[in-house]
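Please read the structure below before turning to the comments.
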């Protein structure tokens with residue numbers, strides 16, 4: 001705007017507008033140019049690094065929902081706020097997605113035009129030699145035998161041996177260029193990153209994963225209803241699952257007991273699940289093993305051994321001696337020594353219509369001291385069950401609940417026979433405890449191990465892998481290859497039959513090796529003389 | 001030999017390596033110190049610290065090329081070798097011998113450790129620490145074959161000694177078998193390449209810091225004179241990083257393949273994975289920053305420095321304090 005106090009003439013006022021109006025199209029073009037600029041890409045890269053940070057600091061819901069809920073509960077003020085901002089689901093949060101999507105758009109916007117330019121460059125000839133080669137940063141001059149034409153021919157040969165592309169714009173010069181693969185590699189690297197993302201998206205859309213806890217002796221079939229948890233991509237129909245079955249026949253576990261040093265004693269050493277695998281109904285049974293690092297390809301998903309633990313066999317009888325519960329009941333390990341928590345839910349109603357429930361610990365090597373009951377070694381050296389008993393309603397309101405804990409809202413805890421204290425049951429294998437008040441008995445029959453099996457199918461992983469390897473190859477090409485232009489001019493020397501060869505090199509970036517390159521060309525040129 | 005004997009020889013070798021590297025460090029310090037008085041006595045205006053760089057250009061450039069031409073023009077009358085006092089040169093030479101010996105001893109220590117546990121010796125924090133020290137020394141010594149790196153010795157050997165000290169005290173773990181998830185050929189591939197690239201990044205980080213220090217405090221100040229020119233230091237920084245970065249990319253890919261084998265999914269956003277990714281992104285940013293118009297080389301080098309800070313965090317903090325699937329520290 002003009003600061004002049006003169007009355008405004010409509011014509012001059014128009015002249016005052018120095019900036020042309022961008023208009024919506026112009027504005028978009030401006031935004032696009034900003035987004036696809038290198039500075040923006042760099043900024044987004046750094047932003048991506050910063051944005052990925054909180055996911056490693058705060059517990060993530062998709063990885064450990066229990067720890068996340070616990071963290072939020074412990075931080076009354078910050079917890080809910082951070083939750084709203086997506087700090088517990090960083091890699092699925094809108095702001096994280098915004099950064100990598102912008103980065104991706106920026107990448108495409110940068111790489112596609114560059115691909116076009118590079119395509120043209122690949123098919124065109126090296127440019128005309130500059131007038132004064134001695135002005136180039138790297139240059140040299142030698143006098144050799146031969147007429148200019150002969151020498152020029154030899155120069156061409158020497159350059160071609162150095163993998164240069166050559167072209168003569170006139171009779172006394174050669175222009176040569178090499179290192180096109182540098183830009184090719186660079187473009188392939190960036191385009192392959194898009195492939196990596198597409199593969200990940202494919203895995204998300206078409207992949208599924210399912211987990212099951214399988215005690216020794218039990219079987220499973222690959223149907224949605226049999227799994228403890230099932231996560232399917234939006235485009236997956238569980239009806240299409242391949243109908244394999246497997247039975248866990250044995251589970252071997254080994255723990256460190258020789259080395260007593262800190263952090264080593266009791267560490268897991270080997271886990272092996274032996275299964276009877278049937279590819280489809282009617283097929284013959286195959287003996288297979290699933291190990292950590294040794295998954296089983298089922299033909300419709302891969303079965304991984306991701307966890308293990310103990311499933312004590314527990315039998316509950318009523319006062320008349322009728323069995324009301326008998327099962328290998330998985331208890332989930334809470335620490336490295338397999339102090340495990342679990343629950344027994346006797347769904348059938350007992351006396352006075354009340355249901356019975358037991359909750360507590362399974363300890364493979366039990367110790368009872370001032371820390372309370374806990375396990376001191378992960379293997380079955382001194383197994384024991386430490387349980388509390390409850391009566392009342394197991395499933396108040398029919399809400400879904402964990403099988404490893406009791407919802408005691410509708411229950412009351414049983415007291416000991418004298419009624420002085422809460423009832424605490426301590427059982428070793430083979431022992432039976434008779435509950436007070438004619439409630440029946442609970443028996444610890446023995447212990448089985450269970451395997452935590454995860455079956456997963458990710459159809460995008462091959463694309464991701466191939467794209468990642470292409471990216472790596474492109475990266476190596478783009479970082480190791482030098483784009484170099486070399487120009488040669490020949491003029492007849494004063495002596496008869498000799499020619500002065502001037503050579504100059506032009507590199508894209510600062511290039512220490514340019515001098516070497518020119519020397520190599522001249523060496524090859526001299527060798528060609530013979 | 002029993003496993004215990006091998007393990008004790010491994011530790012003995014490690015202690016010897018530390019003693020030898022200490023002598024090497026003193027030698028390198030003596031080299032730098034020996035340069036100073038000589039220069040200050042003469043009060044030369046010519047930056048004699050150019051010597052190593054000139055050598056480097058001459059070695060690469062031969063009779064052709066602008067850089068070497070300039071060097072050749074400057075050479076008469078100021079023979080760079082002659083300006084390094086004999087005692088300093090001797091100290092540097094001895095230091096270099098000790099550096100090589102220390103590297104060999106570190107290698108022997110790692111190999112004996114591997115023999116004592118009958119597995120690849122990269123299974124816990126202590127072993128990562130020793131291997132990172134070993135590979136940093138291998139990079140330094142190996143690179144030293146191609147050019148004179150006496151100026152760099154002190155700045156590499158001193159941090160390596162600190163790392164070994166920490167590994168031996170804070171992170172020491174007894175020799176033992178691996179946990180099941182580590183029993184894979186990918187341990188050899190993934191962790192070894194990761195440690196090699198950390199060694200390269202470490203030397204790159206040190207050179208970047210020297211570049212930034214020389215740039216910030218002036219080329220004529222104290223021992224900074226003994227270093228190559230800023231331009232040369234910056235190039236060396238870049239040269240190291242372009243070797244390390246593809247190796248780190250490979251680490252990331254190999255880790256993903258292994259994660260799929262061991263944990264069922266090639267990417268789990270485990271804290272260690274997140275940090276490996278962050279490090280990759282930061283170094284990618286460094287490579288971009290270096291060719292972005294409007295970004296100075298100094299600023300780009302700061303990005304590289306930030307990358308190595310992330311590596312340190314990834315190793316010393318994430319391994320020990322963050323809960324995740326990479327909890328193999330043995331602590």
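The values are calculated or read from the model by the stated rules, or taken from the named source; none is laboratory data. Quantities reported herein were computed from a predicted structural model and do not represent experimental measurements. Reconstructed Cβ throughout: ideal geometry from the backbone, glycine too, with neighbour counts over all protein chains shown.
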Count of the stretch B:98-115 residues which are under 25 Å from residue B:149 (Cα atoms) and out of contact with any helix residue (DSSP H, G or I) (no Cβ under 7 Å at 6 or more places or on another chain): 1
Please go through the stretch B:96-127 and give me each residue that is assigned to a helix (DSSP H, G or I), surrounded by 24 or more Cβ atoms within 10 Å (Cβ to Cβ) and within 14 Å of another protein chain (Cβ to nearest Cβ), ordered by number. B:113, B:126, B:127
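Hey, could you check the stretch A:449-465 for residues that are over 20 Å from residue A:204 (Cα atoms) and either away from chain B (no Cβ under 12 Å) or within 14 Å of the chain's Cα centre (by Cα) (or both) and say which is surrounded by the most Cβ atoms within 10 Å (Cβ to Cβ)?
The qualifying residue surrounded by the most Cβ atoms within 10 Å (Cβ to Cβ) is A:451.
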Yes or no: the stretch A:209-220 includes at least one residue that is part of a loop (DSSP other than H, G, I, E, B), more than 13 Å from chain B (Cβ to nearest Cβ) and more than 15 Å from residue A:451 (Cβ to Cβ). no
Condition broken by residue A:435, with the remaining ones in (1) surrounded by fewer than 21 Cβ atoms within 10 Å (Cβ to Cβ); (2) in the same structural domain as residue A:241 (by TED's automatic domain parsing); (3) more than 22 Å from residue A:330 (Cα to Cα) satisfied: (1)
Of residues in the stretch A:21-49 being assigned to a loop (DSSP other than H, G, I, E, B) and in the same structural domain as residue A:105 (by TED's automatic domain parsing), the one farthest from residue B:299 (Cα to Cα): A:36
Answer yes or no as to whether residue A:394 is in a helix (DSSP H, G or I) and either surrounded by 14 or more Cβ atoms within 10 Å (Cβ to Cβ) or not assigned by TED's automatic domain parsing to the domain that holds residue A:324 (or both). no
Taking the stretch A:136-161 as the region of interest, how many residues are under 12 Å from residue A:488 (Cβ atoms) and assigned to a loop (DSSP other than H, G, I, E, B)? 1
Does residue A:289 fit the bill of being closer than 21 Å to residue B:181 by Cβ and either at pLDDT below 90 or in a strand (DSSP E or B) (or both)? yes
Unmet requirement for residue B:171, which otherwise passes all of (1) assigned by the TED database to the domain that holds residue B:31; (2) part of a helix (DSSP H, G or I): (2)
Residue check, residue A:270 surrounded by fewer than 18 Cβ atoms within 10 Å (Cβ to Cβ), in contact with a strand residue (DSSP E or B) (Cβ under 7 Å, 6 or more places away or on another chain), within 27 Å of residue B:261 (Cβ to Cβ) and within 14 Å of chain B (Cβ to nearest Cβ): yes
Please pick out the residue among A:506, A:518 that is touching a strand residue (DSSP E or B) at 6+ places or on another chain (Cβ under 6 Å), touching a residue at least 60 places away in the same chain (Cβ under 8 Å), closer than 22 Å to residue A:151 by Cα and within 10 Å of another protein chain (Cβ to nearest Cβ). A:518
Here is a list: A:286, A:297, A:254. Which entry is surrounded by fewer than 18 Cβ atoms within 10 Å (Cβ to Cβ), in contact with a strand residue (DSSP E or B) (Cβ under 7 Å, 6 or more places away or on another chain) and within 14 Å of chain B (Cβ to nearest Cβ)? A:254
Boolean, residue A:93 is under 19 Å from the mean Cα position of the chain (by Cα) and away from every other protein chain (no Cβ under 11 Å): yes
